[in-house]
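Engineer: Below is the structure I would like to discuss, written out as structure tokens.
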Amino acid sequence: MQDIPQNTLNETTKTEQSARIDLWEIDLTAFGGQRYYFSNEANEKGEPVTWQGRKYDVYPIQGTGFDLVGKGTSARPTLAVSNLFGMVTGLAADMQSLVGATVVRHVVYARFLDAVNFTGGNPEADPEQEVVSRWVIEQLSELKATTATFVLATPTETDGSVFPARIMLADVCSWTYRSEECGYAGPPVADEFDKPTADPAKDACSKCRTGCELRDNLPRIGCFLSINRLS
């Protein structure tokens, strides 16, 4: 984590502070993906927050366990992201559960945001007033229909390696459909929602147990069904 800029530090000590905003950058380019820019809130105009000229799309995302001043022992913060329309499920299946992806957190007070965020502009806008910390996704700890939760670590702690090498998901298959690992080479059976179909254009797997059962391919499923039985 960088040093805290003086004006930002002054703001943290005020009795009445402007709103503190977390801006998130999730970099999946190492897996052939893209960078995502998210904020849990909009600006006063109801539009995506703009910081340093870049827009951060409004998307449900929440970090916990972070320390703004960076004191104390090394943290294992978590990042919860909406799994709206199965977005994270798809990315996790295609990109090794996103383990090793970079997460950048920008902490900014509203009073320093770009002028474009305000109807009347902002004479106090200052692009240098931010606290930036960089993290690496260490584990996809929970994946539900509505949310996904990731455990983060500092880059120095991961040291270029991740354990375990394969995240043990209980109910989400990590194989690419019809890949060598998947092993299914039969006709179309169902779409991604497990609805029956013989249409090759709709042929897709739901990446869950039902999808494998419909194809009589359960022994090849790329997850760990027994985890759900562990107490």
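Engineer: Taking the stated definitions as given, is Leu79 farther than 20 Å from Pro5 by Cβ and either at pLDDT below 95 or among the charged types (D, E, K, R) (or both)?
Structural biologist: Values: farther than 20 Å from Pro5 by Cβ: yes; either at pLDDT below 95 or among the charged types (D, E, K, R) (or both): no.
Criteria not met by Leu79.
Engineer: Which condition from (1) modelled with pLDDT of 95 or more; (2) in a loop (DSSP other than H, G, I, E, B) is the one that Asp67 breaks?
Structural biologist: That leaves (1) as the condition not met.
Engineer: Step by step: first the residues of segment 145-162, then only those that are outside any loop (DSSP other than H, G, I, E, B) and under 19 Å from Ala30 (Cα atoms), then the one that is modelled with the lowest pLDDT. Which residue is that?
Structural biologist: Thr158
Engineer: Oh, and also: What is the residue count in segment 73-102 for residues that are within 22 Å of Ala19 (Cα to Cα) and part of a strand (DSSP E or B)?
Structural biologist: 4
Engineer: Now, a different point. Which of (1) modelled with pLDDT of 95 or more; (2) under 13 Å from the mean Cα position of the chain (by Cα) does Thr102 not meet, given it meets every other one?
Structural biologist: Result: Thr102 passes all but (1).
Engineer: Continuing with this model, one more query. Could you list, in sequence order, all residues of segment 119-144 that are part of a loop (DSSP other than H, G, I, E, B) and either in contact with a helix residue (DSSP H, G or I) (Cβ under 9 Å, 6 or more places away or on another chain) or surrounded by 20 or more Cβ atoms within 10 Å (Cβ to Cβ) (or both)? First the steps, then the outcome.
Structural biologist: Pass one, segment 119-144, residues part of a loop (DSSP other than H, G, I, E, B): 119-130, 144.
Passing the criteria: Gly121, Asn122, Pro123, Glu124, Ala125, Asp126, Pro127, Glu128, Gln129, Glu130.
Engineer: I need the full set of residues from segment 91-143 which are basic (Lys, Arg) and either farther than 20 Å from Ile61 by Cα or outside the structural domain of Arg76 (by TED's automatic domain parsing) (or both), in order please.
Structural biologist: Residues of segment 91-143 that are basic (Lys, Arg), as a first pass: 105, 111, 134.
Passing the criteria: only Arg111.
Engineer: Name the residue, out of Ala115, Ala93, that is at pLDDT 95 or above and out of contact with any strand residue (DSSP E or B) (no Cβ under 7 Å at 6 or more places or on another chain). Break it down into steps so the answer makes sense when it comes.
Structural biologist: On the way: Ala93 fails: at pLDDT 95 or above.
Result: Ala115 is the single residue among Ala115, Ala93 that is at pLDDT 95 or above and out of contact with any strand residue (DSSP E or B) (no Cβ under 7 Å at 6 or more places or on another chain).
The values are calculated or read from the model by the stated rules, or taken from the named source; none is laboratory data. Computed from a prediction, not measured in an experiment: that's the story for all the values here. In this analysis, Cβ positions are derived from the backbone assuming ideal geometry, glycine residues included, and neighbour counts consider all displayed protein chains.
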